[in-house]
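Data first, discussion second: the structure below is written as structure tokens.
Nothing in this text is a laboratory measurement; each read-out follows from the coordinates by a stated rule. Given the structure is predicted, the values throughout are model-derived calculations rather than measurements. Note that each Cβ is placed from the backbone with ideal geometry, even for glycine, and that neighbours are counted across all protein chains shown.
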Amino acid sequence: MICLPGLNMIWGPMPDYHLRIKELPSGEQPRERLRDQGADALTDAELLAILLRVGVPGANVVRLAQQLLHEYGGWPGLLRVGYTDLCQQHGVGNAKAATVKAALEIGRRLTLIHFEARQRITSPDDAARLLLLAMGYLAQEELRVICLDTKLQVQKIHTVYVGNINSIIPRMAEIFREPIRLNSHSIIVAHNHPSGDPTPSPEDIEMTGQMMDAGELLGIDVLDHLVIGQGNFRSIFRIMDRHRPA
């Protein structure tokens, strides 16, 4: 690079330079690699770089993508982070944050399509697969009810409560309102722990007992109560079985 004395005095400071995908060396451009080798050949950083489009001074767009993936612990962290917090990251802003959050939500919905099409639930693992992606990375606690027909097919997944569930145990009427309306044969209840640790609390156990009693009175079987963490879950019924006196 040739530096001319006094250049900045004449023209003012040089503008920040944002390296775009198309300005990366040939063969290193994620879009070019996607075209030639397919999307599955790209790294996570390259896929994210396509969404971001533009880097920041000192870091091209692929490097920016790597930094964001490292900062949030990969795709799960980016799925969980709020829009406002993502906007505030250096080099992101409103447009990039909106693009990333929209793409992640599309992926989440595509994953759920298979499970929501009259999926039959035969085990806690079936129910967990239905809910892990949707609930495992939520920033707030949510309580959802899977309503099942006589064949154990999913009628509806109903969100009952959003907030700190352990501080106020939801009224049983709120949990059973939708299953009663749908004439459900049975339900599976699930809530998430935003900490990522699915270990049930004493309040979770207490609520499970109340739901079992209410379900017995209403003629609706409560098949399980799941606690959803980040990528894993616990079945309270399994835990209760383990500690049940012989």
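Per-residue counts of other Cβ atoms within 10 Å, averaged by peptide: what ranking do you get for 49-57, 184-192, highest first?
On the way: 49-57: 18.9, 184-192: 23.7.
In decreasing order of mean packing, 49-57, 184-192 become 184-192, 49-57.
With only alpha-carbon atoms in the gyration tensor, what are the semi-axes of the equivalent ellipsoid for the stretch 118-243, in Å, largest first? Walk me through the intermediate numbers first.
Values: eigenvalues 80, 52, 40 Å².
One finds semi-axes of 20, 16, 14 Å for the stretch 118-243.
Please give me the summed charge of the neighbours of P198: other residues whose Cβ is under 11 Å from its Cβ, Lys and Arg +1, Asp and Glu -1.
Numbers: positive: R234; negative: D197, D204.
So the environment of P198 carries a net charge of -1.
Mind ordering 152-163, 79-90, 30-41, 221-232 by average Cβ neighbours within 10 Å, highest first? Please report the intermediate quantities before stating the final value.
Details: 152-163: 16.2, 79-90: 14.6, 30-41: 12.9, 221-232: 20.8.
Going by the mean number of other Cβ atoms within 10 Å, highest first, we get 221-232, 152-163, 79-90, 30-41.
What nm distance separates the two modelled labels at E216 and Q153, each placed 7 Å from Cα along Cα→Cβ?
In this crude spin-label approximation the distance works out to 3.1 nm.
Could you compute the net charge surrounding G163? Neighbours are other residues with a C-beta less than 11 Å from the C-beta of G163; K and R count +1, D and E count -1.
Working: positive: none; negative: E141, E142.
After counting each charged neighbour, the total is -2.
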